[in-house]
């Protein structure tokens, strides 16, 4: 029977543990958005969210809320169509009508191959 070198066995086990733990902690992160967080500008025709990992589309999504405008007391949910982008790492929100001037918050939920949902948000202002 062949004996296994203890140092080789320890290194192999350590390498496997590192790979498993790296995969376990690999969650989607928002890399960028258009419009960018805290930006001010014209009303976007679409809002793009770019992540660091491919998304599982059927479990990922986002909502758009108007958080401020002159004379408004409370937040108002804005109707949008959520769809995949040109690549598997992008989510696109398309407002069903032009966005009026005011503040907005995008609340997103992203799920990648590890199936662990990650949530976050960002805000922008329309002039």
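The values are calculated or read from the model by the stated rules, or taken from the named source; none is laboratory data. Everything numeric in this text was worked out from a predicted model, so none of it was measured. When we count neighbours, we look across all protein chains shown, and the Cβ atoms used for this are built from the backbone with ideal geometry, even at glycine.
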Count of residues meeting criterion [more than 20 Å from residue 122 (Cβ to Cβ) and either in contact with a helix residue (DSSP H, G or I) (Cβ under 7 Å, 6 or more places away or on another chain) or in a loop (DSSP other than H, G, I, E, B) (or both)] in region 49-71: 4
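Could you tell me whether region 14-32 includes any residue that is buried (at least 16 other Cβ atoms within 10 Å of the Cβ), within 21 Å of residue 101 (Cβ to Cβ) and either out of contact with any helix residue (DSSP H, G or I) (no Cβ under 9 Å at 6 or more places or on another chain) or modelled with pLDDT of 95 or more (or both)? I'd like the intermediate steps shown before the answer.
So in region 14-32, the residues buried (at least 16 other Cβ atoms within 10 Å of the Cβ) come out as 28, 30.
Still in the running and within 21 Å of residue 101 (Cβ to Cβ): none.
No, that holds for no residue.
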Enumeration of residues in region 76-89 that are within 21 Å of residue 58 (Cβ to Cβ) and either in a strand (DSSP E or B) or touching a strand residue (DSSP E or B) at 6+ places or on another chain (Cβ under 6 Å) (or both): 80, 81, 82, 83, 84, 85, 89
Yes/no for residue 89 being under 22 Å from residue 39 (Cβ atoms), surrounded by fewer than 17 Cβ atoms within 10 Å (Cβ to Cβ) and within 13 Å of the chain's Cα centre (by Cα): no
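Quick check, is residue 59 modelled with pLDDT under 95 and under 19 Å from the mean Cα position of the chain (by Cα)?
No: the conditions fail for residue 59.
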Enumeration of residues in region 90-119 that are within 15 Å of residue 59 (Cβ to Cβ) and touching a residue at least 60 places away in the same chain (Cβ under 8 Å): 108, 110, 111, 112, 113, 114, 116, 118
